[in-house]
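The values are calculated or read from the model by the stated rules, or taken from the named source; none is laboratory data. The model shown is predicted, which means the values in this text are computed figures rather than measured ones. Quick reminder, even Gly has a Cβ in these numbers, built from the backbone with ideal geometry, and neighbours come from all protein chains shown. Accessible surface is based on the protein model in full, side chains and every heavy atom, while ligands, DNA and RNA are left aside. Shrake-Rupley method; radii C 1.70, N 1.55, O 1.52, S 1.80 Å.
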Amino acid sequence: MNRREFIEIAGTGLLIVATAPLSDAQRGGGAGAGTLETRLHVGEDGFLTILSGKIEEGQGALTELAMAAAEELRVPLDRVRMVMGDTNLTPNDGGTSGSGTTPRTVPLVRRAAAAAHDLLLAAASRQFGVDAARLEVRDGAVQFAGKRYSYGDLARSPELAAAYKDALPAGTVVTPAKDWHLLGKPQVRLDGRDLVTGAHRFPSDIVRPGMLYGRVLRAPAYGATLAGVDLSAAQKMPGVTAVRDGGFVGCAARTTFAVRKALEAVSATAQWNRVEQPSSDDLYVYLKQHAGQQGRPSSQERGSVEKGLAEAQRRLKASYQVAYVQHAPMEPRAAVAEWQDGRLTVWTGTSNPGSVRQQLAETFGVAPDRVRVIVPHFGGGFGGKHTGEAAVEAARLAKEAGRPVAVHWTRAEEFMWAYFRPAALIEVEAGLDAGHSISAWDFTNYNSGASALDPPYRIPNARVRFVGSEAPLRQGSYRVLAATANNFAREAFTDELAEAAGKDPLEFRLAHLDNERIRNVLNAAAERFGWAERRKKRRAGTGIGLACGTEKNSVVAACCEVEVAGGVPRIVEVVQAFECGAILNPANLRAQVEGAIMMGSGPALREEVLFKDGKLTNARFSAYRVPRFRDVPKLEVILLDRKDLEPAGAGETPIIAIAPAIANAVFDATGKRVRSMPMRTLRA
């Protein structure tokens with residue numbers, strides 16, 4: 001960012017930059033530089049501006065980061081402006097993923113704000129001629145003896161320049177959670193009014209002067225390659241640009257109707273070479289047969305699993321299947337690209353603008369500083385928008401057309417060509433000793449990943465493994481990665497062990513848990529749900545179940561009741577307890593947890609990507625059924641606020657307990673074990 005660009009957005013005043021080392025994962029995600037940073041600007045108008053590379057895709061980062069700055073500087077929330085996800089104005093902090101905004105970026109914002117607070121206080125001390133400890137800070141102003149200097153006054157005062165010459169202390173002190181004034185209290189989303197009134201412009205709403213609309217030729221099946229195509233019919237259409245660059249073919253025109261007709265003309269001439277593709281009917285056999293062919297296996301072991309199994313009084317074994325799942329965001333991929341004097345600007349929805357900028361620079365052979373990626377708050381990602389396909393497509397067409405081009409993926413394209421949550425085959429074997437405790441545990445995940453692989457329970461002999469496979473579909477990040485699959489298999493199998501031990505599922509888990517935080521959420525959910533009383537009162541066709549887990553340094557437990565009629569389960573009630581350290585914004589956290597519960601219920605009961613002959617067979621919402629409003633059960637969320645712990649991310653972990661809780665409730669209702677997501681065994 002140069003001086004002119006910065007002044008345009010923030011004006012003159014005080015700029016503080018807070019930095020922290022990047023992790024290996026963040027560097028690998030395209031962060032490039034060796035530090036993670038956040039910038040805070042105090043303007044002469046008294047407004048605070050936070051410049052962060054994080055983005056807002058519905059998870060509440062916009063409001064949370066503003067709250068963090070307002071807390072340390074003691075200003076009203078409406079005095080904070082946020083600039084996010086603009087590669088020309090904001091730092092490249094490695095993208096928005098892994099529930100990392102709360103534990104990594106919020107502390108940086110607080111440190112920057114605390115440093116600004118100390119500088120402004122030092123300047124005020126010089127202004128008043130008294131020790132800083134005697135001054136009072138309130139509503140963005142420093143007060144003493146009836147006099148008042150606003151932050152805006154101090155930001156342009158000569159005393160600030162004098163104070164700035166003194167080195168800041170290395171360990172800037174932030175406000176402890178017990179003394180928070182703003183953080184920890186419910187706050188309405190800063191963008192709430194614009195979202196409700198329709199004033200907010202999503203990536204698919206961006207319009208540039210002279211803009212064309214673009215469409216891209218897609219293959220008729222996975223693995224198909226273009227053998228030939230004739231663009232002449234499309235090129236003869238008025239106002240149409242048609243381009244082929246290797247395997248890329250696309251059209252641009254003044255209207256969406258015109259570009260659709262042009263692409264139809266091109267598609268009619270396309271010739272394709274196809275290859276044989278696997279089917280979802282054979283998915284889990286395929287994953288096992290191709291195990292070990294992708295990625296580096298991961299394995300952890302303690303004790304001797306073989307010895308523990310050999311000495312067990314009882315052994316159990318089971319296999320679990322987890323289907324491919326689509327992210328199904330409200331807004332499909334969208335981008336607008338514009339070239340001017342050899343520079344490229346792209347407006348798009350992505351969780352990682354720095355990585356997309358690098359991808360664009362490499363694609364077109366230009367320096368990264370000649371590419372600008374701007375990310376408006378977009379309509380959902382859930383891990384599904386880390387990449388920049390639409391951005392590259394729009395930029396290709398815009399370069400050829402010499403005008404800005406918008407590419408909006410259709411829902412069918414989003415289903416077919418975006419990446420999926422990985423499918424999984426999970427095999428588990430365990431043994432119980434004479435005291436009905438788990439003495440051995442052997443757990444292998446094929447294909448989906450190693451997140452939350454290790455059990456939280458006290459088991460003397462345990463081995464957990466992740467083995468990659470040659471995936472038949474394009475797969476990638478999804479909310480909480482593989483933790484949902486691993487927790488589903490583990491918690492469903494734990495219930496089987498509890499039954500074999502003749503123990504209540506809650507009692508059995510507590511007997512194996514040393515983790516105080518998991519015990520707390522498990523007890524909180526069970527107590528509010530009335531677990532003990534409901535276990536005594538059984539109703540025909542209904543059942544109750546529970547599950548717990550940990551990931552991303554937060555813990556969760558869920559109890560649920562289901563009703564099963566005609567082999568179809570319906571969720572009647574869910575009580576979920578969640579703890580993620582000190583709570584920053586209870587209103588947003590509750591919304592996150594409720595959303596995660598409903599999102600997790602979809603793949604548990606219905607969501608499943610089906611494919612055959614290289615095509616999806618259910619690539620539409622009428623066939624791929626995400627939860628509807630009528631599927632929402634009676635829902636109660638318990639938030640445990642641990643002000644003695646650092647805040648942890650909350651966008652992912654709340655999803656992992658609902659699927660196994662449903663599965664365990666279904667067994668309670670029907671006597672049938674559920675070992676697949678979605679629950680196909682009940683439909684058979």
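I'm trying to understand the selection: among the residues of segment 314-333, which are under 20 Å from Ala623 (Cα atoms) and either open to solvent by 60 Å² or more (accessible area, probe 1.4 Å) or hydrophobic (A, V, I, L, M, F, W, C) (or both)?
Residues of segment 314-333 that are under 20 Å from Ala623 (Cα atoms), as a first pass: 322-332.
Residues satisfying the conditions are Val322, Ala323, Val325, Ala328, Met330.
Residue by residue, here is whether (1) in the same structural domain as Val243 (by TED's automatic domain parsing); (2) within 20 Å of Gly53 (Cβ to Cβ) holds:
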site	(1), (2)
Ala361	yes, yes
Phe364	yes, no
Arg370	yes, yes
Ile374	yes, yes
Phe378	yes, yes
Gly384	yes, yes
Arg396	yes, no
Phe415	no, no
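Here's a check for you: in segment 1-52, which residue that is within 29 Å of Leu77 (Cβ to Cβ), modelled with pLDDT under 65 and among the acidic types (Asp, Glu) is least open to solvent (accessible area, probe 1.4 Å)?
Among residues in segment 1-52 that are within 29 Å of Leu77 (Cβ to Cβ), modelled with pLDDT under 65 and among the acidic types (Asp, Glu), the one least open to solvent (accessible area, probe 1.4 Å) is Glu5.
Among the residues that make up segment 318-339, is at least one of them more than 30 Å from Lys385 (Cβ to Cβ) and either not in a loop (DSSP other than H, G, I, E, B) or not assigned by TED's automatic domain parsing to the domain that holds Ser477 (or both)?
From segment 318-339, those more than 30 Å from Lys385 (Cβ to Cβ) are 318-319; that's our starting set.
From what is left, the residues that are either not in a loop (DSSP other than H, G, I, E, B) or not assigned by TED's automatic domain parsing to the domain that holds Ser477 (or both) are 318-319.
Yes, that holds for at least one residue.
Are any of the residues in segment 261-271 assigned by TED's automatic domain parsing to the domain that holds Val392, aliphatic (A, V, I, L, M) and open to solvent by 30 Å² or more (accessible area, probe 1.4 Å)?
Taking every residue of segment 261-271 in turn, at least one turns out to be assigned by TED's automatic domain parsing to the domain that holds Val392, aliphatic (A, V, I, L, M) and open to solvent by 30 Å² or more (accessible area, probe 1.4 Å).
Which of the numbered conditions does Val305 fail, given that it passes all the others? Conditions: (1) closer than 28 Å to Pro332 by Cα; (2) surrounded by 15 or more Cβ atoms within 10 Å (Cβ to Cβ).
For Val305, the failing item is (1).
Would you please name the residue that is least open to solvent (accessible area, probe 1.4 Å), looking only at residues in segment 346-386 that are without any contact (Cβ under 8 Å) to a residue 60 or more places away in the chain and charged (D, E, K, R)?
Going through the qualifying residues, I end up with Arg370.
For segment 521-536, how many residues meet the condition of being open to solvent by less than 60 Å² (accessible area, probe 1.4 Å), in a helix (DSSP H, G or I) and under 17 Å from Val637 (Cβ atoms)?
Number of matching residues: 7.
Please go through segment 141-154 and pick out each residue that is open to solvent by less than 10 Å² (accessible area, probe 1.4 Å) and over 12 Å from Gln127 (Cα atoms). Explain how you work it out, then say what you get.
From segment 141-154, those open to solvent by less than 10 Å² (accessible area, probe 1.4 Å) are 141-142, 151-152, 154; that's our starting set.
Correct list: Ala141, Tyr151, Gly152.
Name the residue, out of Asp495, Asp504, that is over 30 Å from Gln293 (Cβ atoms) and buried (at least 19 other Cβ atoms within 10 Å of the Cβ).
Values: Asp504 fails: buried (at least 19 other Cβ atoms within 10 Å of the Cβ).
Answer to the check: Asp495.
Is it the case that segment 409-424 has a residue that's farther than 30 Å from Ala224 by Cα, touching a strand residue (DSSP E or B) at 6+ places or on another chain (Cβ under 7 Å), open to solvent by 20 Å² or more (accessible area, probe 1.4 Å) and touching a residue at least 24 places away in the same chain (Cβ under 8 Å)? Break it down into steps so the answer makes sense when it comes.
In the first step, residues of segment 409-424 are kept if they are farther than 30 Å from Ala224 by Cα; the result is none.
No, because not a single residue in segment 409-424 is farther than 30 Å from Ala224 by Cα, touching a strand residue (DSSP E or B) at 6+ places or on another chain (Cβ under 7 Å), open to solvent by 20 Å² or more (accessible area, probe 1.4 Å) and touching a residue at least 24 places away in the same chain (Cβ under 8 Å).
So, in segment 457-501, how many residues would count as being β-branched (Val, Ile, Thr) and over 29 Å from Asp668 (Cβ atoms)?
Step one: list which residues in segment 457-501 are β-branched (Val, Ile, Thr), which gives 459, 464, 467, 480, 484, 494.
Of the ones still in play, those that are also over 29 Å from Asp668 (Cβ atoms) are 467.
The total comes to 1.
Within segment 185-202, work out how many residues are in contact (Cβ under 8 Å) with a residue 24 or more places away in the chain, surrounded by fewer than 17 Cβ atoms within 10 Å (Cβ to Cβ) and more than 28 Å from Thr345 (Cα to Cα).
Residues meeting the conditions: 3.
Residue by residue, here is whether (1) over 30 Å from Ala116 (Cβ atoms); (2) free of Cβ contacts under 8 Å to residues at least 12 places away in the same chain; (3) acidic (Asp, Glu) holds:
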residue	(1), (2), (3)
Leu183	no, no, no
Pro209	yes, no, no
Leu217	yes, no, no
Gln235	yes, yes, no
Asp245	yes, no, yes
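Quick one: in segment 155-181, of everything that is at pLDDT 85 or above and open to solvent by less than 30 Å² (accessible area, probe 1.4 Å), which residue is nearest to Leu15 (Cα to Cα)?
Of everything passing the filter in segment 155-181, Thr175 is nearest to Leu15 (Cα to Cα).
Counting just the residues of segment 273-297 that are exposed (fewer than 14 other Cβ atoms within 10 Å of the Cβ) and more than 15 Å from Ser469 (Cβ to Cβ), which one comes out farthest from the chain's Cα centre (by Cα)?
Here the answer is Asn273.
Of the residues that make up segment 552-574, is at least one closer than 29 Å to Glu507 by Cβ, within 19 Å of the chain's Cα centre (by Cα) and open to solvent by 10 Å² or more (accessible area, probe 1.4 Å)?
Checked segment 552-574: at least one residue is closer than 29 Å to Glu507 by Cβ, within 19 Å of the chain's Cα centre (by Cα) and open to solvent by 10 Å² or more (accessible area, probe 1.4 Å).
Looking at segment 199-275, what strands (runs of 3 or more DSSP E) fall wholly within it and have at least 1 residues that are among the aliphatic types (A, V, I, L, M) and within 20 Å of Ala391 (Cβ to Cβ)? Step through it out loud before you land on a result.
Working: elements: 212-216, 225-228, 241-245, 248-253, 271-273.
Hits in segment 199-275: 212-216, 241-245, 248-253.
Under 7 Å between Cβ atoms, which residue pairs at least 6 apart in sequence (or on different chains) link something in segment 105-131 that is open to solvent by 30 Å² or more (accessible area, probe 1.4 Å) with a partner that is modelled with pLDDT of 90 or more and assigned to a helix (DSSP H, G or I)?
Close Cβ pairs satisfying both conditions: His117/Glu72; His117/Leu73.
Give just the number: which of (1) more than 34 Å from the chain's Cα centre (by Cα); (2) modelled with pLDDT of 90 or more does Phe128 not satisfy?
It is condition (2) that Phe128 fails.
If I ask for residues that are buried (at least 17 other Cβ atoms within 10 Å of the Cβ), within 30 Å of Ala61 (Cα to Cα) and touching an Asp or Glu at 6+ places or on another chain (Cβ under 9 Å), which ones from segment 203-231 would you list?
Scanning segment 203-231 gives Pro203, Ser204.
From the list Asp644, Asp668, Asp613, which residue is at positive phi, open to solvent by 20 Å² or more (accessible area, probe 1.4 Å) and at pLDDT 95 or above? Don't jump to the end; show me each part of the working.
On the way: Asp644 fails: at positive phi; Asp668 fails: at positive phi.
On inspection, the qualifying residue turns out to be Asp613.
Only one of (1) within 15 Å of the chain's Cα centre (by Cα); (2) over 24 Å from Arg479 (Cβ atoms); (3) not β-branched (Val, Ile, Thr) is not met by Asn352, so which one is it?
Answer for Asn352: the failing condition is (2).
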